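To start, the structure under review is shown below, and the notes come after it.
The values are calculated or read from the model by the stated rules, or taken from the named source; none is laboratory data. Predicted model only: the values in this text are computed from it and were never measured. As a convention, Cβ positions derive from the backbone with ideal geometry for all residues, glycine included, and neighbour counts pool all protein chains shown.
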Amino acid sequence: MARRSKAALETATAVTPELEQGATRAESRRGFLLALPGYAYLVIFFAVPMLIIFVYSFGTRSATGKTILGDWNLESYRRLFDDFVLGVMWRSLWLALATTVICLAISYPFAYYIATRGPRLRGLLMVLVMIPFWTNFLVRTYAWRLILGRNGPLAAVLSFVGVDQPRLLFTNTAILIGLVYGHLPFMVLPLYASIERLDWSLVEAARDLYANGWKAFRKVTLPLSMPGVVGGTILTFIPSFGAYIEPELLGGAQTMMLGSFIENQYYAVSDWPFGSALSFVIMALMLAGTILYFRRGGRTV
Amino acid sequence: MSDIAVELTGVTKRFSEVTAVDQVDLQIGDGEFFSLLGPSGCGKTTTLRMVAGLEFPTEGSVRIYGEEMGLRPPNKRPVNTVFQSYALFPHMTVFRNVAFGLEMQRIPKAEIAERVKTAVELVRLGGMEQRRPAQLSGGQQQRVALARALVNQPRVLLLDEPLGALDLKLRQAMQVELKELQQRLGISFVYVTHDQEEALTMSDRIGVMHQGKLLQVGAPEEIYEHPRTRFVADFIGETNFVPVTVAGEGEVRLPDGEAVRAVTHSAPGTEASLALRPEKLSLYRQREDVPAGLNCLPGVVRRRVYLGSSLYYHVDVGPTTIRSRHENAPGVPQFAEGEKVCLAWEASAGEALGD
């Protein structure tokens, strides 16, 4: 069918099936044009680099640290199973899991509290949740170094209550504290959004049907706020798993996480193929995990 | 066992500055279909919620079968509620929705299955058990809400505008169905509605509420025929109001000084509104003989409104316009616009009401 100009489509003639179809097509063409900048950005800055990483991961590191492309092999993938690498992955995994669980435990009651306040207080509390974003993340993480440091306030409190020579900084605990701090808002926001949307008459109905407060929460409030739990968990777990700043600033040599480890491959040891293989496998695992999780999360709602 | 299902004594509910319910005293009988009727914001829903335990009174006493409810939470009260927007659990099937109350009471599984089946069949939804609420029509959702409450065999069922979201035809069908169900089960229904026709159709008794106060309680006929305040007369059915002054026992004076006979409730000299239902009025041609004993006011037909089964005449009587309703039936005289007529009614059909 011939393309019609907008003017032609709007001429005052009776509508025929062809005209109607043309109008529908023009509509979807406009929709695509709106999405085009987004598509272009993702292709240029995400798909293409991912492809480059994928190709590099089959290359070889020369003795001088250059990447030799052409002699394709799976050596980098084999090295993912080295004990040290598995150790780093394991530490990243449990730190990210612990971060997510702690964030969820702190955020759910807090988000529930905010969502059930009056509109005024609700707005104020939401601003308080966002305030940390106004300061650079790096600066805020440096602040934790002061708090957790040997002569910091936390150490003073700990030694006052009898803990001898408390060592906080450069430990897993320090990283965990930093990760929880950094990701709390990302857990609170989706939880708040889904609890705030909740139809409270459903909770009343549960109470009316002999559910006590806890049962009503378990059977109605919690399942209906699962989209927020799923969203918050993903927004917390994924960035924690690949965290870079917190382990760099608050962790030590013994507490390396994946983010720093990958960075080391590119800059410290110039092993681009291995760094690429690591990045790519983690990406793929995350994607698969997220899809699975969404599916399961979707079912419970 | 007491014959009074629900008893409210001096119940008041204040939300910070606003008094939603103001000193309500009310007794609802065992097995009675009682409606709380009033415009939105009159406090009827708040009253119902206080019986359910979803709201606690600021002061006063709520008793259910003689037992003081005090601050008892909803899960410990022998009543169930059908909510305005049904409040069905969207993440559960029809079966799980209906079974919810029984599961919470730790009823054995086999008995739950049995009772859910009976309840679902009672509301004629057999075969729909595995559907989700979103897959049901409004009428079906409403039946699930009903089954979910009734399955618990409450002695009092509370209904908050349960038919409000349905279209007219379905609403009328459900009115009959609800009434039949209530009679069959023999339990008390406390029914909140702003629809006067609904209240008149179904109720044994109606309580009319306005601005937190319970203005009048009575059988539908009593409320309609003998409203005690101007608000009740205005809210239920259609009413003409003529400003009058009470002249004496059974007599009122119109603004132009003419005296007519009416049912009076207040002392001579009091300002009142003479309430006249359109269907209680009749029209006579000038010079036609008006039967003795009827009040009669001369007027002019200003408008004739044709409504199919009936006709309305808007008659100018002095400064007031009065609507008069007539059946469109053979033998009923019809009048033309501009015709001079006599507007007549029996003295007992006109009540002089205060505000």
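Across region B:321-355, which residue is farthest from B:Val242 (Cα to Cα) among those that are acidic (Asp, Glu) and surrounded by 14 or more Cβ atoms within 10 Å (Cβ to Cβ)?
Checked region B:321-355; the qualifying residue farthest from B:Val242 (Cα to Cα) is B:Glu339.
Can you go through A:Val161, A:Val157, A:Val188 and tell me which one is more than 14 Å from chain B (Cβ to nearest Cβ) and crowded, with 21+ Cβ neighbours inside 10 Å? First the steps, then the outcome.
On the way: A:Val161 fails: crowded, with 21+ Cβ neighbours inside 10 Å; A:Val157 fails: crowded, with 21+ Cβ neighbours inside 10 Å.
After applying the criteria, what remains is A:Val188.
Among A:Val180, A:Val203, which is within 14 Å of another protein chain (Cβ to nearest Cβ) and part of a helix (DSSP H, G or I)? First the steps, then the outcome.
Working: A:Val180 fails: within 14 Å of another protein chain (Cβ to nearest Cβ).
Checking each option against the conditions leaves just A:Val203.
Condition test on B:Leu185, is it of a type in the set (A, V, I, L, M, F, W, C) and either over 20 Å from the mean Cα position of the chain (by Cα) or within 12 Å of chain A (Cβ to nearest Cβ) (or both)?
Working: of a type in the set (A, V, I, L, M, F, W, C): yes; either over 20 Å from the mean Cα position of the chain (by Cα) or within 12 Å of chain A (Cβ to nearest Cβ) (or both): yes.
When the stated conditions are applied, B:Leu185 passes them.
Answer yes or no as to whether B:His326 is closer than 24 Å to B:Pro227 by Cβ, modelled with pLDDT of 95 or more and outside any loop (DSSP other than H, G, I, E, B). Even if it seems obvious, please write down each step before you answer.
On the way: closer than 24 Å to B:Pro227 by Cβ: yes; modelled with pLDDT of 95 or more: no; outside any loop (DSSP other than H, G, I, E, B): yes.
So B:His326 fails the test.
Please verify whether region A:173-194 includes one or more residues that are farther than 30 Å from A:Ile245 by Cβ and touching a Lys or Arg at 6+ places or on another chain (Cβ under 8 Å). Explain how you work it out, then say what you get.
From region A:173-194, those farther than 30 Å from A:Ile245 by Cβ are none; that's our starting set.
No: region A:173-194 contains no residue that is farther than 30 Å from A:Ile245 by Cβ and touching a Lys or Arg at 6+ places or on another chain (Cβ under 8 Å).
Inside region B:66-110, can you point out the residues that are on the phi > 0 side of the Ramachandran plot and more than 10 Å from chain A (Cβ to nearest Cβ)? Steps first, answer last, please.
First, the residues of region B:66-110 that are on the phi > 0 side of the Ramachandran plot: B:66, B:70, B:86-87, B:106.
Across region B:66-110, the qualifying residues are B:Gly66, B:Gly70.
Among (1) in contact (Cβ under 8 Å) with a residue 40 or more places away in the chain; (2) surrounded by 19 or more Cβ atoms within 10 Å (Cβ to Cβ); (3) under 25 Å from A:Trp94 (Cβ atoms); (4) away from every other protein chain (no Cβ under 14 Å), which single condition is A:Ile245 missing?
Of the numbered conditions (1) in contact (Cβ under 8 Å) with a residue 40 or more places away in the chain; (2) surrounded by 19 or more Cβ atoms within 10 Å (Cβ to Cβ); (3) under 25 Å from A:Trp94 (Cβ atoms); (4) away from every other protein chain (no Cβ under 14 Å), the odd one out for A:Ile245 is (2).
Of all residues in region A:207-234, which are within 7 Å of another protein chain (Cβ to nearest Cβ) and either assigned to a helix (DSSP H, G or I) or surrounded by 18 or more Cβ atoms within 10 Å (Cβ to Cβ) (or both)? Reasoning before the result, please.
Of the residues in region A:207-234, the ones within 7 Å of another protein chain (Cβ to nearest Cβ) are A:207-212, A:215, A:220, A:223-224.
Scanning region A:207-234 gives A:Arg207, A:Asp208, A:Leu209, A:Tyr210, A:Ala211, A:Lys215, A:Val220, A:Pro223, A:Leu224.
For the structure I just gave you, tell me whether A:Glu263 is assigned to a helix (DSSP H, G or I), of a type in the set (Asp, Glu) and either buried (at least 19 other Cβ atoms within 10 Å of the Cβ) or touching a Ser or Thr at 6+ places or on another chain (Cβ under 9 Å) (or both). Step through it out loud before you land on a result.
Numbers: assigned to a helix (DSSP H, G or I): yes; of a type in the set (Asp, Glu): yes; either buried (at least 19 other Cβ atoms within 10 Å of the Cβ) or touching a Ser or Thr at 6+ places or on another chain (Cβ under 9 Å) (or both): no.
In short, no.
If you check B:Val151, B:Val116, B:Val120, which single one turns out to be crowded, with 17+ Cβ neighbours inside 10 Å, in contact with a Gly (Cβ under 8 Å, 6 or more places away or on another chain) and within 14 Å of another protein chain (Cβ to nearest Cβ)? Break it down into steps so the answer makes sense when it comes.
Values: B:Val116 fails: in contact with a Gly (Cβ under 8 Å, 6 or more places away or on another chain); B:Val120 fails: within 14 Å of another protein chain (Cβ to nearest Cβ).
Unique residue meeting the criteria: B:Val151.
Looking at region B:29-51, is at least one residue facing another protein chain (nearest Cβ under 9 Å), under 23 Å from A:Arg207 (Cβ atoms) and not in a strand (DSSP E or B)?
Our first condition is that a residue be facing another protein chain (nearest Cβ under 9 Å); within region B:29-51, this holds for B:49.
Right, trim to under 23 Å from A:Arg207 (Cβ atoms) and you get B:49.
From what's left, not in a strand (DSSP E or B): B:49.
Within region B:29-51, one or more residues are facing another protein chain (nearest Cβ under 9 Å), under 23 Å from A:Arg207 (Cβ atoms) and not in a strand (DSSP E or B).
Is it the case, given these coordinates, that B:Ala267 is free of Cβ contacts under 8 Å to residues at least 40 places away in the same chain and either hydrophobic (A, V, I, L, M, F, W, C) or in a helix (DSSP H, G or I) (or both)? Outline the logic, then answer.
Values: free of Cβ contacts under 8 Å to residues at least 40 places away in the same chain: yes; either hydrophobic (A, V, I, L, M, F, W, C) or in a helix (DSSP H, G or I) (or both): yes.
Against the criterion (free of Cβ contacts under 8 Å to residues at least 40 places away in the same chain and either hydrophobic (A, V, I, L, M, F, W, C) or in a helix (DSSP H, G or I) (or both)), B:Ala267 qualifies.
Among the numbered criteria (1) modelled with pLDDT of 95 or more; (2) farther than 30 Å from B:Gln175 by Cα, which one does B:Val18 miss?
Only one criterion in (1) modelled with pLDDT of 95 or more; (2) farther than 30 Å from B:Gln175 by Cα is unmet by B:Val18, namely (1).
Residues that are without any contact (Cβ under 8 Å) to a residue 40 or more places away in the chain and under 23 Å from B:Val62 (Cβ atoms): does region B:151-165 have at least one? Can you show your working first?
Initial filter on region B:151-165 (without any contact (Cβ under 8 Å) to a residue 40 or more places away in the chain): B:153, B:163.
Restricting the remaining residues to those that are under 23 Å from B:Val62 (Cβ atoms) gives B:153.
Scanning region B:151-165 turns up at least one residue that is without any contact (Cβ under 8 Å) to a residue 40 or more places away in the chain and under 23 Å from B:Val62 (Cβ atoms).
Quick check, is B:Thr81 at pLDDT 95 or above, β-branched (Val, Ile, Thr) and touching a helix residue (DSSP H, G or I) at 6+ places or on another chain (Cβ under 6 Å)? Before you say what the answer is, go through the steps one by one.
Details: at pLDDT 95 or above: yes; β-branched (Val, Ile, Thr): yes; touching a helix residue (DSSP H, G or I) at 6+ places or on another chain (Cβ under 6 Å): yes.
Yes: the conditions hold for B:Thr81.
Can you tell me which residue is modelled with the highest pLDDT among those in region B:292-317 that are surrounded by 12 or more Cβ atoms within 10 Å (Cβ to Cβ) and within 20 Å of B:Glu351 (Cβ to Cβ)?
Out of the qualifying residues, it is B:Val315.
Is it the case that A:Ala284 is outside any helix (DSSP H, G or I) and within 15 Å of the chain's Cα centre (by Cα)? Lay out the reasoning, then the answer.
On the way: outside any helix (DSSP H, G or I): no; within 15 Å of the chain's Cα centre (by Cα): yes.
Considered against the rule, which asks whether it is outside any helix (DSSP H, G or I) and within 15 Å of the chain's Cα centre (by Cα), A:Ala284 comes out as no.
Tell me the residue from A:Thr221, A:Thr255, A:Thr236 that is in contact with a His (Cβ under 8 Å, 6 or more places away or on another chain) and assigned by TED's automatic domain parsing to the domain that holds A:Val188, please. Reasoning before the result, please.
Values: A:Thr221 fails: in contact with a His (Cβ under 8 Å, 6 or more places away or on another chain); A:Thr255 fails: in contact with a His (Cβ under 8 Å, 6 or more places away or on another chain).
When all the criteria are applied, what remains is A:Thr236.
When you look at B:Leu26, is it closer than 16 Å to B:Leu214 by Cβ, surrounded by 15 or more Cβ atoms within 10 Å (Cβ to Cβ) and not β-branched (Val, Ile, Thr), yes or no? Don't jump to the end; show me each part of the working.
On the way: closer than 16 Å to B:Leu214 by Cβ: yes; surrounded by 15 or more Cβ atoms within 10 Å (Cβ to Cβ): yes; not β-branched (Val, Ile, Thr): yes.
Yes, satisfied.
Suppose the filter is surrounded by fewer than 18 Cβ atoms within 10 Å (Cβ to Cβ) and assigned to a loop (DSSP other than H, G, I, E, B); does B:Pro227 pass it? Give the derivation first.
Values: surrounded by fewer than 18 Cβ atoms within 10 Å (Cβ to Cβ): no; assigned to a loop (DSSP other than H, G, I, E, B): yes.
So B:Pro227 fails the test.
Could you list, in sequence order, all residues of region B:290-323 that are part of a loop (DSSP other than H, G, I, E, B) and either acidic (Asp, Glu) or closer than 16 Å to B:Leu274 by Cβ (or both)? If you could, list the steps in order and put the result at the bottom.
Here is the first cut: in region B:290-323, the ones part of a loop (DSSP other than H, G, I, E, B) are B:290-293, B:307-309, B:318-319.
Within region B:290-323, B:Gly318, B:Pro319 meet the criteria.
Have a look at B:Phe189, B:Phe241 and point out the one that is surrounded by fewer than 18 Cβ atoms within 10 Å (Cβ to Cβ) and part of a strand (DSSP E or B). Walk me through how you get there before you give the answer.
Working: B:Phe189 fails: surrounded by fewer than 18 Cβ atoms within 10 Å (Cβ to Cβ).
Exactly one of B:Phe189, B:Phe241 is surrounded by fewer than 18 Cβ atoms within 10 Å (Cβ to Cβ) and part of a strand (DSSP E or B), namely B:Phe241.
Consider B:Gly237 carefully, then state whether it is touching a strand residue (DSSP E or B) at 6+ places or on another chain (Cβ under 8 Å) and within 30 Å of B:Asp22 (Cα to Cα).
Details: touching a strand residue (DSSP E or B) at 6+ places or on another chain (Cβ under 8 Å): no; within 30 Å of B:Asp22 (Cα to Cα): yes.
When the stated conditions are applied, B:Gly237 does not pass them.
Assess whether A:Ala155 counts as being touching a residue at least 12 places away in the same chain (Cβ under 8 Å), more than 30 Å from B:Arg106 (Cβ to Cβ), touching a Phe, Trp or Tyr at 6+ places or on another chain (Cβ under 8 Å) and not polar (S, T, N, Q).
Numbers: touching a residue at least 12 places away in the same chain (Cβ under 8 Å): yes; more than 30 Å from B:Arg106 (Cβ to Cβ): yes; touching a Phe, Trp or Tyr at 6+ places or on another chain (Cβ under 8 Å): no; not polar (S, T, N, Q): yes.
Against the criterion (touching a residue at least 12 places away in the same chain (Cβ under 8 Å), more than 30 Å from B:Arg106 (Cβ to Cβ), touching a Phe, Trp or Tyr at 6+ places or on another chain (Cβ under 8 Å) and not polar (S, T, N, Q)), A:Ala155 does not qualify.
Identify, please: which residue in region B:252-285 is closer than 15 Å to B:Pro333 by Cα and not acidic (Asp, Glu) and is, among those, surrounded by the fewest Cβ atoms within 10 Å (Cβ to Cβ)? Working first, answer last.
First, pick out the residues of region B:252-285 that are closer than 15 Å to B:Pro333 by Cα: B:279, B:281-285.
Next, only the ones that are not acidic (Asp, Glu) stay: B:281-285.
Values: B:Leu281: 23, B:Ser282: 19, B:Leu283: 20, B:Tyr284: 18, B:Arg285: 13.
Looking at the filtered set, the residue picked out is B:Arg285.
Those residues that are part of a helix (DSSP H, G or I), of a type in the set (Phe, Trp, Tyr) and touching a residue at least 12 places away in the same chain (Cβ under 8 Å), I need them from region A:42-65; list them, please. Full working, then the answer.
Initially, region A:42-65 is screened for residues part of a helix (DSSP H, G or I), giving A:42-56.
Next, only the ones that are of a type in the set (Phe, Trp, Tyr) stay: A:45-46, A:54, A:56.
Residues satisfying the conditions are A:Phe54, A:Tyr56.
Go through region B:286-302 and give me each residue that's within 12 Å of B:Gln334 (Cα to Cα) and charged (D, E, K, R).
Step one: of region B:286-302, the residues within 12 Å of B:Gln334 (Cα to Cα) are B:301.
Once the filter is applied, which keeps residues that are within 12 Å of B:Gln334 (Cα to Cα) and charged (D, E, K, R), region B:286-302 yields nothing.
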